[in-house]
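Let me begin by presenting the structure, written as C-alpha cells, before commenting on it.
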Amino acid sequence: MTNPLEGLGGEGGFDLNAIMQQAQALQSQIVDAQEKLAETIVDGTVAGGAVTVKLTGTGELVGVEIKQGEFDGSSPDDLEDLGAVIVAAYRDAKGKADALAGEAMGPLAGGLGGPGAPGGGEPPFKLGF
C-alpha cells in the first residue's frame, strides 16, 4: 500500500509543517483579536442621550444607562417608549460592535483564502495535484 501523501512535498507541492505553523499562528491572532474585542466597550446612544447601551466588541450587553427625568416610570406610554428607545440604542451599539469586529477580524479571515478573501478566494497555498 502506498502513502497517499507521498509525492506532495517538494517542488510544486506543499510543506505540511509550514501549513500547520501558519494555521497555528493565524489561530493565535484570532484568539488575540477576540480577547481585545471582548475587552472593548462600545456605546449606542439615542434620543439625545436619554438612553445609552454599552456592549463589548463581541456584542455582549454590559450596561444600560437611562438619563434621569427623561421617562415617567408611572406612564405606560413612556415605559413603552423607553423599551423602544433601549432597542434602538442596542441596535446602534451592535452596529458599532459589528463594525469593530469586522475591522479586527476581517484581515485575519482574508488570510484563510475563503470566499470574499483578497485574491479571489484562492487558497493561500498550492496543493500540487
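The values are calculated or read from the model by the stated rules, or taken from the named source; none is laboratory data. For clarity, every value in this text was computed on a predicted model and none was experimentally measured. Neighbour counts are summed over all protein chains in view; Cβ atoms, including those assigned to glycine, are modelled from backbone coordinates with ideal geometry.
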Quiz item: Out of region 71-101, which residues are in contact with a helix residue (DSSP H, G or I) (Cβ under 8 Å, 6 or more places away or on another chain) and β-branched (Val, Ile, Thr)?
Solution: Val85
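Scan region 9-19 and give yes if some residue there is under 22 Å from the mean Cα position of the chain (by Cα) and either modelled with pLDDT of 85 or more or not in a helix (DSSP H, G or I) (or both), otherwise no.
Here is the first cut: in region 9-19, the ones under 22 Å from the mean Cα position of the chain (by Cα) are none.
No, the conditions are met nowhere in region 9-19.
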Exercise. Could you please tell me which pairs satisfy a Cβ distance under 7 Å, a separation of 6+ or placement on different chains, a first residue in region 83-95 that is crowded, with 16+ Cβ neighbours inside 10 Å, and a second residue that is at pLDDT 95 or above and among the polar types (S, T, N, Q)?
Key: Ala89/Thr52
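Would you say Ala117 is among the small types (Gly, Ala, Ser), at pLDDT below 95, part of a helix (DSSP H, G or I) and surrounded by 14 or more Cβ atoms within 10 Å (Cβ to Cβ)?
Numbers: among the small types (Gly, Ala, Ser): yes; at pLDDT below 95: yes; part of a helix (DSSP H, G or I): no; surrounded by 14 or more Cβ atoms within 10 Å (Cβ to Cβ): yes.
When the stated conditions are applied, Ala117 does not pass them.
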Exercise. Considering only region 50-95, state which residues are over 19 Å from Leu37 (Cα atoms) and aromatic (Phe, Trp, Tyr).
Key: Phe71
Practice problem: Pick out the one residue from Val53, Val42 that is modelled with pLDDT of 85 or more and in contact with a Lys or Arg (Cβ under 7 Å, 6 or more places away or on another chain). | Solution: Val42
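Residues of region 60-81 being part of a loop (DSSP other than H, G, I, E, B), in contact with a Leu (Cβ under 9 Å, 6 or more places away or on another chain) and surrounded by 11 or more Cβ atoms within 10 Å (Cβ to Cβ), which ones?
First pass over region 60-81, keeping only residues part of a loop (DSSP other than H, G, I, E, B): 60, 67-75.
From what's left, in contact with a Leu (Cβ under 9 Å, 6 or more places away or on another chain): 70-73.
Answer for region 60-81, where residues must be part of a loop (DSSP other than H, G, I, E, B), in contact with a Leu (Cβ under 9 Å, 6 or more places away or on another chain) and surrounded by 11 or more Cβ atoms within 10 Å (Cβ to Cβ): Glu70, Phe71, Asp72.
Any residue in region 25-48 that is over 24 Å from the mean Cα position of the chain (by Cα), buried (at least 16 other Cβ atoms within 10 Å of the Cβ) and not in a helix (DSSP H, G or I)?
So the first thing to find is which residues in region 25-48 are over 24 Å from the mean Cα position of the chain (by Cα), and the list is 47-48.
With the extra rule that they be buried (at least 16 other Cβ atoms within 10 Å of the Cβ), the set shrinks to 47.
Applying the additional criterion that residues be not in a helix (DSSP H, G or I) yields none.
Checked against the condition, which is being over 24 Å from the mean Cα position of the chain (by Cα), buried (at least 16 other Cβ atoms within 10 Å of the Cβ) and not in a helix (DSSP H, G or I), region 25-48 yields no hits at all.
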